[in-house]
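The values are calculated or read from the model by the stated rules, or taken from the named source; none is laboratory data. Since the model is a prediction, treat every value here as computed from it, not as a measurement. All Cβ positions, glycine included, derive from the backbone under ideal geometry; neighbour counts span all protein chains shown. Surface areas here come from the heavy atoms of the whole protein model, side chains and all, with no ligands, DNA or RNA. Shrake-Rupley method; radii C 1.70, N 1.55, O 1.52, S 1.80 Å.
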Amino acid sequence: MMQLAKRVVRQTLNDKRSVMMILIAPLLILTLIYLLLGDTDYVPVIAVDEVTPPQVVMVLEKQELDVIELPNNVESAKAYLSSHPDVDAVFRADREGTDITLQEPSKKSSIAVKEIQAGLTSLNPAAKIATTYVHGSTDQSTFDSLGYVFLSLFSFFMVFVISAMAFVKERSDGTLERLLMTPIKRSEVILGYTVGYSFFAILQAILIVLYTVYILQMASNGNIFLVLLVLLLLATTAVLFGATISVFASSALQVVQLIPFTIIPQVFFSGLIALDLIPYHLGNLSYVMPIFYGASAIKEIMVYGNGFEEIWGYLLGLVGYIVVLYLINVLALKKFRNT
Amino acid sequence: MNIQVKETSKSFDQLEVIRDVDLTIMSGEICCLLGPSGSGKTTLIRLMIGAIAPSKGTVHIGETLMPNMKLLNDIGFMPQNNALYEDLTAEDNLNFFGSLYKLERQLLKQRIEEVLTIVDLTAHRHKRVQVFSGGMKKRLSLAISILHKPKVLFLDEPTVGIDPVLRREIWRQFHQIKQDGTTIVVSTHVMDEVIECDRAALIYNGALIEYDTVDNLLAKTETGRVEELFLLAADQQKGGDPR
Ligand SMILES: Nc1ncnc2c1ncn2[C@@H]1O[C@H](COP(=O)(O)OP(=O)(O)OP(=O)(O)O)[C@@H](O)[C@H]1O
Ligand SMILES: [Mg+2]
């Protein structure tokens, strides 16, 4: 068994692309996501209608806003915004109320609205709404609260692709048949593979976690070792999942073709979209997605600061997956040898 | 160990590829499987080692009903495609397959030296298989199959793409291996190689149409040339009297 694990490690090390894909690619993508979802110092541009009382304009100017004057020859705020894509909002306040016209529902717009609201409440402190979160804080970025989903996604995806391709190659090259014509047990073959890739999975998990927590400074309230354990279980599931999928693919290209069926649904049900927002109770589908268990466990640890008592259910889900997929794979090898 | 194939048939998706083959390969002989492309040589070999289960009939090696895992310790198999790990060096490939037979470390090391010499790859042992030529891959594949000194050796077209000089050397080795009591089953297209074998089995369209010592078979032909065995096969299959 260990000979096989060693061979898998050596073979993967010899293939620079696989190593990059397992170890470097997740860091690269996480960095990109961090930059995309992280805090921005964007200053929205708002055009203020001249009917707006000067004290209101004054408080707006105190906010992180670039306040300009709306030219008085514009016929409508919408027309003005359409022809001025660099202006985020048109603001107008008079006796009848306050109007904000925005370009489109986007992150820029929501920053503009947030800043405007902050300005207006400073005029009338009684209207101030204090927001506090049970988990996390108001100044956390989307990256802090959703980053855990990406952590589990990448860990799963990269390992899945590498393992599925390796198994497909092994089948089509005939090395699997040759391997099974030696006195090695079927269970040893699958176990050897799993252990071999788990070695990379551990490395990957350590790298990803250290990188996100210490370099990207993603907020983490919980025990990092628990996160590592979850990632390891998730990656092990990915190895076996890849091996299972390889039965249905006869080339590496077909593995890629199957991704819409294997990975994409998991992305949607991984926690990126709150499950009770998904219509027709489809959210329940997440219980058949391995990534859901990994992402949920990591969320419990990193966002809620929970420990083993709260996440054992998810861990059990992953272990269940591992056992079932392991047995499926050992049975699938019967095609080559039924002893 | 001898090999007994009894009334064995094999179908893939309703299509019968091996038809009712009865064949006993004698212990310690070199038996060659002759037949045109697609006739079922590879399938027959896979049936004999137990890589696929027969649809009908049985295969025994020695006293053991195949497929059997323990017996695989005594079997060497060189598949028609090379079945090597391209990302590993020649030596790593040998080390890996050798370790599956649980050979003792020192013995394995010594055997690796020996087989590398036999297939003349000692100078290339640290190269990755990826950069090997077709013939070098074939030789490495052969080296792996004889690494554990099997008692029964199955070779599926072992000398395709190997030059005449090395081919002669490899056949010398086969006879050497036979001296140790190993039974060798080899499929081939190369006519000169038939004469090197003790017996030949002619396979045509999945059926065994002739099985005899090579001398007897050649006596049946008019010119004494091996090619005629094939023509003989083609004629018999048509149901007609062979000339
Ligand atoms: N796994 C399989 N599924 C379906 N058909 C198969 C399979 N393996 C072999 N066959 C069919 O069985 C027949 C015999 O194939 P086989 O590979 O045994 O021929 P062969 O004598 O080894 O030919 P060659 O000399 O070209 O290697 C062919 O018609 C082939 O298409
Ligand atoms: Mg063949």
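Just give me the residues in region B:34-53 being away from chain A (no Cβ under 14 Å) and either open to solvent by 10 Å² or more (accessible area, probe 1.4 Å) or within 8 Å of ligand 1 (Cβ to nearest atom) (or both), in sequence order.
Matches in region B:34-53: B:G35, B:P36, B:S37, B:G38, B:S39, B:G40, B:K41, B:L44.
Applying the selection to region B:38-53, what residues are within 9 Å of ligand 2 (Cβ to nearest atom), touching a residue at least 24 places away in the same chain (Cβ under 8 Å) and either hydroxyl-bearing (S, T, Y) or farther than 28 Å from B:R172 by Cβ (or both)?
Listed by number, the residues that qualify are B:S39, B:G40, B:T42, B:T43.
Examine region A:263-284 for a residue that is in contact (Cβ under 8 Å) with a residue 40 or more places away in the chain and open to solvent by 40 Å² or more (accessible area, probe 1.4 Å), and state whether such a residue exists.
yes
For region B:66-80, name all the residues that are more than 7 Å from chain A (Cβ to nearest Cβ), under 15 Å from B:I45 (Cα atoms) and open to solvent by 10 Å² or more (accessible area, probe 1.4 Å).
Matches in region B:66-80: B:M66, B:Q80.
Which of the following residues is of a type in the set (G, A, S) and open to solvent by less than 10 Å² (accessible area, probe 1.4 Å): A:S187, A:S163, A:S220?
Every option except A:S163 fails the conditions.
Write out, first by first residue and then by second, each pair whose Cβ atoms fall under 8 Å of each other, whose residues are 6+ apart or on separate chains, and whose first residue, in region B:82-103, is facing chain A (nearest Cβ under 8 Å) and farther than 16 Å from B:V119 by Cα while the second is part of a loop (DSSP other than H, G, I, E, B) and of a type in the set (G, A, S).
Here the result reads B:A83/A:G174, each pair linking region B:82-103 to a residue that is part of a loop (DSSP other than H, G, I, E, B) and of a type in the set (G, A, S).
Could you please let me know if B:E16 is more than 14 Å from every other protein chain (Cβ to nearest Cβ) and either free of Cβ contacts under 8 Å to residues at least 60 places away in the same chain or within 12 Å of ligand 1 (Cβ to nearest atom) (or both)?
Against the criterion (more than 14 Å from every other protein chain (Cβ to nearest Cβ) and either free of Cβ contacts under 8 Å to residues at least 60 places away in the same chain or within 12 Å of ligand 1 (Cβ to nearest atom) (or both)), B:E16 qualifies.
Among the residues of region B:22-33, write down those that are in contact (Cβ under 8 Å) with a residue 24 or more places away in the chain, away from ligand 1 (no atom under 16 Å from the Cβ) and out of contact with any Phe, Trp or Tyr (no Cβ under 7 Å at 6 or more places or on another chain).
Scanning region B:22-33 gives B:D22, B:I25, B:M26, B:S27, B:G28, B:E29.
Does B:S145 satisfy the condition of being within 12 Å of chain A (Cβ to nearest Cβ) and within 16 Å of ligand 2 (Cβ to nearest atom)?
Taking the combined requirement at face value, the residue satisfies it.
Is there a residue in region B:166-178 that is within 14 Å of another protein chain (Cβ to nearest Cβ) and either within 16 Å of ligand 2 (Cβ to nearest atom) or acidic (D, E) (or both)?
No, that holds for no residue.
Does any residue of region B:185-195 turn out to be more than 14 Å from chain A (Cβ to nearest Cβ), within 20 Å of B:A51 (Cβ to Cβ) and more than 16 Å from ligand 2 (Cβ to nearest atom)?
Looking through region B:185-195, none of the residues is more than 14 Å from chain A (Cβ to nearest Cβ), within 20 Å of B:A51 (Cβ to Cβ) and more than 16 Å from ligand 2 (Cβ to nearest atom).
Write out, first by first residue and then by second, each pair whose Cβ atoms fall under 8 Å of each other, whose residues are 6+ apart or on separate chains, and whose first residue, in region A:1-21, is in a helix (DSSP H, G or I) while the second is basic (K, R).
Here the result reads A:N14/B:R128, each pair linking region A:1-21 to a residue that is basic (K, R).
Given (1) closer than 17 Å to A:F156 by Cβ; (2) at pLDDT 80 or above, identify the lone condition not met by A:S270.
(2)
Of all the helices (runs of 4 or more DSSP H) wholly in region B:114-209, which have at least 2 residues that are farther than 18 Å from B:I30 by Cα and within 16 Å of ligand 1 (Cβ to nearest atom)?
Qualifying helices (runs of 4 or more DSSP H): B:134-146.
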